[in-house]
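Since the structure comes first, as C-alpha cells, the remarks are kept for the end.
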Amino acid sequence: ATWRDARFIPMEVGDRSWSFAAKGPAFSFEGTLLATRGRVVQVWWVADGSLAYELKASTLLAASPVEGLWATDNGYGGSSARLRLWRVSDGQLVRELSTGREYGVLQDVFFSSDGQLIATTAGEADGFVVSRVADGGVLSKAPQDSLWSAYGVDLAFRPGTSTMAYIGSESMLGLWNAMTGTLIRQLIGPTDTTRSPAVYR
C-alpha cells in the first residue's frame, strides 16, 4: 500500500553460482511462512520476520499449493536427481521422491493445482518428468530430443486438470497429458515463426 519496507529479513546467502538452478523465494500455501534459499533453505514467519526453521537442502524449488509441502533438492552431495518433500507446519521431512533420473541437478519443479502431481526439469536437454506426489510413482516422461531448448524447458499445469503447457525446442508450444504422456495439441510448431519468433516462458 505504501511501497515502504515492512521488515528486513537477514537471510544467509549461499553460492550465487547456483542461482540459475532454482526458484525462490516462495510463500507457503496459506501465506504465513516464507522460504528463501542460500547456504540452506530458511523458512521465516511473515508476521514478524523471525526464523521458523531451516531445511537440510541448498535449493528451494517450489511450494505445494494445497497440501502444505516444500519441495527441495536432496541435499548436499547428492548424485541422483531426487526431491525431498517437507511439511510446512514444522519443517519435518515427509518423503523423498525419485524423478526417474539417475543423476543431474534439478532445475525446476511444478505442482499441479490440486497438489497431487509434480513435474520436474533437470537441464536443457533433459525434457521433463511427471510423478505422483503421494508415492513418487513416475506417470510420464517427455521425449528429450523433441524438447531440447537453449533456454531450458518451461511448464505450467492447467488448473483443475492434468493438462500441461510446455515450451521446448525452437519455441515449440504444446499441450501435454501428464497422466498418459501424450501430446494433446501443438499450439506453435518448431518452425512456426509467423506468430512468435521466440517463446521462452
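Side notes on the structure shown:
- Each peptide in 157-164, 46-53 gets a packing score, the mean of other Cβ atoms within 10 Å over its residues, and the list from highest to lowest is 157-164, 46-53.
- A simple count of charges around residue 165, restricted to other residues whose Cβ falls under 11 Å of its Cβ and scoring Lys, Arg +1 and Asp, Glu -1, yields +2.
- In the assembled protein chains, residue 135 presents an accessible area of approximately 100 Å² (probe radius 1.4 Å).
- Ordered from highest to lowest accessible area with the whole protein assembly present and a 1.4 Å probe, 44, 3 read as 3, 44.
- Taking all protein chains together and a 1.4 Å probe, the residues 184, 167 rank 184, 167 from largest to smallest accessible area.
- Solvent-accessible surface (1.4 angstrom probe) belonging to residue 129, in square angstrom, nearest 10: 10
- Pairwise FRET efficiency - residue 48 versus residue 182, Cβ, R0 = 45 Å, nearest 0.05: 0.40
- For residue 154, the accessible area of its heavy atoms, probed at 1.4 Å with every protein chain present, is near 20 square angstrom.
- Protein-only accessible surface at a 1.4 angstrom probe places the residues 101, 4 in the order 4, 101, largest first.
The values are calculated or read from the model by the stated rules, or taken from the named source; none is laboratory data. Owing to the predicted nature of the structure, the values given are computational and were not obtained by experimental measurement. FYI the Cβ positions are ideal-geometry reconstructions off the backbone, even for glycines, and counts take in every protein chain you see. SASA here: full protein model, heavy atoms, side chains in, ligands and nucleic acids out. Shrake-Rupley method; radii C 1.70, N 1.55, O 1.52, S 1.80 Å.
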